Structure formats: C-alpha cells, structure tokens
Amino acid sequence: MTQSVVEKTSIPEKTWRRQTHSPIWWIAFSCGSIILHLIAFWLIDSYKLFGSGSANSGEAVPIEFIEISPQKSLPVQPKSKPVLSKPVKPIIPQNSQPANKPSSAQKPQVSTNDENAIAFNNQKIEEQLAEQERQQQLLQQQQLAEQQRLLEAEQQRQLAEQLRQRQIKQAQLEAQIRQQEQLQQRRLAQQLLQQEAEQKRQLEAQRQQEAEQKRQLEIQRQQEAEQKRQLEEQRQQEAEQKRQLEIQRQQEEQQRQLEAQQRQQEENRRLAQQGKLEAEEQRRLATRQQSQNSPVGEKISDEIIDRYGQNVKQASTTNQQTPQSPVQNNQQEDIPLNRSQQTELNQSGGILTATWDMDRSFKQKRDIPENPPQLKQNISRNFIIKTLSEDNLEPVEFQVYLTIDEEGRIEELFVDPSTLGAKRQQYQTYVDDNLKGKKLFEPATDTDPTTGKLTPRASKSLIRIKIQQGS
C-alpha cells in the first residue's frame, strides 16, 4: 500500500494542529448539517402545503344542490376536499331547479330511489375523493422522498466537493509547507555552513593571533632578559666603579692622613730642635753673664727656664694633638667615611636616613594604564632610621617594585636583589614595615568607554630608596 503525501511529509506539530480537526468535531458538524437540512425540508413542505391550500381557496368551489323533502332530514355530508388533478363537476339532477328560481315555486316529490341514488353517488364521490387524497399523499411522499434523496445526493456531492477542495487545499498547504521546510532547511544548512566557515576563519585568525602574541611575548621576554642582563652588567660595572672609587678615595684619604701626620711630626721635631737650640743659647748667655753680675744672672736664668718650659709645653701639646688632627680635618672638609667606619657607626647606635622617590622612567610591559599612579601631595619621602645592633643596615641605594591597588594602597613590595645580594631579605623586611599597606599614591585610572568617566585600577610602579648616613 502506497503511503499518502501526508504520511510521507513530516508536518510540524504546530502546523498539523492548525490544519486538522478531531473526529468528534467532524461528527458534530455532520449531525448539525443533517438536522439543518431536515428542518429546511420540513419548512419547504409546510410552505407548499399552506400555499396550495391558499391557492385552492381562491378557485371556484363546486356546489351540489340536492332537493330533499321537507319531512326527512338530510344526512350530514362530508366536506369536499380540493383535488389537484381534476375539479369535480357538480352533479345536478334533472328534476332540480335553478338557484335563481323563486323558492315559492312548487317542487316535485323526490322518490326513494332517487334518494338512494344520491346517497350512492355521494358515497362514490367520497371514495373517489379519498382515493385521490391517498394518491396525492403518496405522490407528495414520493416527491418529498425524491427531493430528500436529491438534496441528500446534492449534500453528499457538496460534502464530497468540499472534502475534495479541502483535500486539495490541504495538499497545496502541505506542498507549501514542504517547500517552506525544504527552503528553510536549505537556508539553515547554508547558515550552518556559513557559521562553520566563519568559526573556522575566526579560529584560524585567533590561532594566528595567539601565535603572534606568543612570538611577541617570546621576543619581549628575550628583550627583558637582555635588558636585565645589560642592567646587571651595568650595575656590576657601577658597583665595581664605586668600589674602585671607594678604594681610591680611602687610599687618598689615608695618603692625606699620612702626609698630615708627617708634616705635623716634622713641625714638632723642628719646634723641639728649635727649643733645644734656644735653650742651649740661653744657657750659654746665662753662663757668660753669670760671671759678670750674679743677681742679674739669676734673673736671666729664671727667664731662660720659663721660656724653655713654654717651648717644652708647646711641643708636648702639639704631640698630643697630632693623632687627632686627621679627624679634625675630616670634619672640616666633610670627607665621607669609609665602609668600615660606617659599619662601626651603625653598630654603635648611629642614625641613618632613608630617602625614596618614584622612578619616572619605569613603564609597565603589559596592561598599561592610561594614567599612571601619582604620589599624593604632602607625603614625606624621608625616614630617620635609628639603627640597632641587630638591624645592621648600611648606606646603600636599591630599587623596589610596587603593586598598587585601586585605592592607591601599596599591596606588595619586591626589593630588587641585584643591588643588595645576600642582604636583600633584611631590606625587604624594612620596606615592608615602613611602606606596605599605606595609601601613598593616587591610583592609576582608565577611561570608561561607555560613561567616559575615569575608573581606578590596579597598577605597578618603581621607587628608588637611598639609605645614607644622617647629618
């Protein structure tokens, strides 16, 4: 058995509900249609019956005139019913008189045979009328049956035609739905193909971008490594230069101190020699003059003794001040102390000062904000470090990388180990205690593309801290 178009075509559930009805609906529709047709037939039949009665009432009604004797009462005659096929002619007996004759005319006597004939005639007429009425009813029934059959056939034909038209419309609708579904499926297939092609293209572009980003990141890492290496070499060179300069400065300082000590010693020796010569000269003069005048000689000897004592006292004082002269010269010329002297000063409870400031040349490698963080106004950048024996901090300059949150608070600090070496943790603890968790910056901001307002964000920065001997 071949499948119908409806069975082959998959109609969506929504379309099927819109085009089909339940069997109960069809049964109710058929019953209602039959009832309406029956009511229409009954109304048409009633109209015909009432119409024929009114039409016959307008025609001439035949009237029979029968003469009877006045002694006998006439039997009740049945009412004459109209006959559609043939009008019944009135039967007038020969001995009857016209209606327009005067009633006062003498009427002949009716015999018994005539009465019987009249009764038989009336009975025959009644039978004919009844037969005609039966035939008329039978004809009407046949006509009604024929009309009903024709109406039913017409109704069936109309129903069949309606069903055929409905089936044609349904088939057309199914064909349209099928075409629409096929067209929609083709469109969906094309859209899916286009989307897949677009996704593949986007994935390929994304892979290329990721590869390019990885390549750029690799290049950037290499550049950063090269920069770090160069910075490390530069720091090492600077440290070596500083060490050489420090050694040279210490050597020069030691040379100056030795030269000053030598000059002072020569001056002391010269003064002592001069004092000895003057004392010897004074003794000779005193010995020479003593022979001339003894009182005067005593006076001169006392003066010589006093002068010699002053020279000896001056020489001894000069000898006592000679070791301290380099320190005094250092204080006057503001010569910096060497590393060992600074360490001794720190261990003895000296004072160091820490000065810090932002490195304006620092730039983030990635995720760069539009407006970098700025230091707040009226922020002190100097700290006094009262060093203790366990701190053991030394004058040094180093870098600290900062992570600043959206409120300008310092979240994390990282001391650059290239400038401190093994003592990095000691200075890391110092900067954590003094800077971590403090709001020292105005946060970095970006412009919101939707509202145009400045939105704070996290960022990074670099500061340089210099610890030196306090004044």
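Among Ile39, Ile125, sorting on how many other beta-carbon atoms sit within 10 Å of each Cβ, with the fewest leading, yields Ile39, Ile125.
Can you flag which of Lys376/Lys466; Lys242/Lys376; Lys214/Lys376; Lys365/Lys439 are past 28 Å Cα-Cα?
As for pairs spanning more than 28 Å Cα to Cα, those are Lys242/Lys376; Lys214/Lys376.
Taking other Cβ atoms within 10 Å as a rough exposure proxy, Ser361, Ser33 sort from fewest to most as Ser361, Ser33.
With the simple spin-label model, which puts each label point 7 Å out from Cα in the Cβ direction, the Gln251 to Gln165 separation comes to 12.4 nm.
Rounded to the nearest whole Hz, the Karplus-based 3J(HN,Hα) values (6.51 cos²θ - 1.76 cosθ + 1.60, θ = phi - 60°) of region 169-180 follow the sequence 4, 5, 5, 4, 5, 4, 5, 5, 4, 4, 4, 4, with x at glycine and proline. The ellipsoid equivalent to the alpha-carbon distribution of region 201-253 has semi-axes of 49, 5, 4 angstrom, derived from the gyration tensor eigenvalues as √(5λ) and listed largest first. If we count every other residue with Cβ under 10 angstrom of Asn371's Cβ, Lys/Arg +1 and Asp/Glu -1, where does the sum land? Net charge in that neighbourhood comes out at -2.
A short reminder: the numbers here are calculations on the coordinates, not readings from a lab. This is a predicted model, so every value here is computed, not measured. FYI the Cβ positions are ideal-geometry reconstructions off the backbone, even for glycines, and counts take in every protein chain you see.
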